[in-house]
Structures are given as C-alpha cells and as structure tokens.
Amino acid sequence: KGCVFPSSSDSGSNGSFLFDYFWGTELYPRIGKHFDIKQWTNCRMGLMAWSVLPLCFMAKQLETEGFVSNSMLVCVLLKQV
C-alpha cells in the first residue's frame, strides 16, 4: 500500500524490497482518513497488553503454585498504577 497508494508525502522507497519491507515505506500508515495503523497497534493493543498480561501471569502462578509471590504482586501492582 505504501509504495502504490501512500497516505501522505512521508513515504519513500530506495528500490530494495528487503530494505523497504524492514524499514517500512510510510511513517504513519493510514486506512481511510482517520484510522492510523501505527497508533492502533502501538497504543491500543500494546498498552492494553502491558496491563493485562501481568494479571494473566499472576492468575497462572496462583493456579499452579497455590499462592502469589511477593515479587509477582509488586510487579502487578506497579503495572496497574
């Protein structure tokens, strides 16, 4: 999409397929006018996972060990604040 139909003027290519694939051809890829792909993947999914995964790990530790360790509790509490 970035090579054929770029969303803005921040796109570019140096001709090498591997280099363009690795670095990307657009800095801020969009679908339509308002949906920013980079913001959605980094902010929505990434930041939600940042706070949900420690809770899942704590639940698994409670299930397997029967208790939650102090270090796990501190980690979860600090990530939820």
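The values are calculated or read from the model by the stated rules, or taken from the named source; none is laboratory data. Worth saying up front: this structure is predicted, and the values here are computed from it rather than measured. Every residue, glycine among them, receives a Cβ derived from its backbone with ideal geometry; neighbour counts consider all protein chains shown. SASA here: full protein model, heavy atoms, side chains in, ligands and nucleic acids out. Shrake-Rupley method; radii C 1.70, N 1.55, O 1.52, S 1.80 Å.
Go through the range 39-75 residue by residue and tally those that are open to solvent by less than 80 Å² (accessible area, probe 1.4 Å) and closer than 30 Å to Gly15 by Cβ.
The total comes to 1.
Only residues in the range 56-81 that are without any contact (Cβ under 8 Å) to a residue 12 or more places away in the chain count as the first member; pair them with residues that are open to solvent by 60 Å² or more (accessible area, probe 1.4 Å) and in a helix (DSSP H, G or I), Cβ under 6 angstrom, at least 6 apart or cross-chain, and list the lot.
Close Cβ pairs (under 6 Å, with a partner that is open to solvent by 60 Å² or more (accessible area, probe 1.4 Å) and in a helix (DSSP H, G or I)) amount to Val68/Leu62.
Out of the range 39-81, which residues are aliphatic (A, V, I, L, M) and under 30 Å from Tyr28 (Cα atoms)?
Met45, Leu47, Met48, Ala49, Val52, Leu53, Val81
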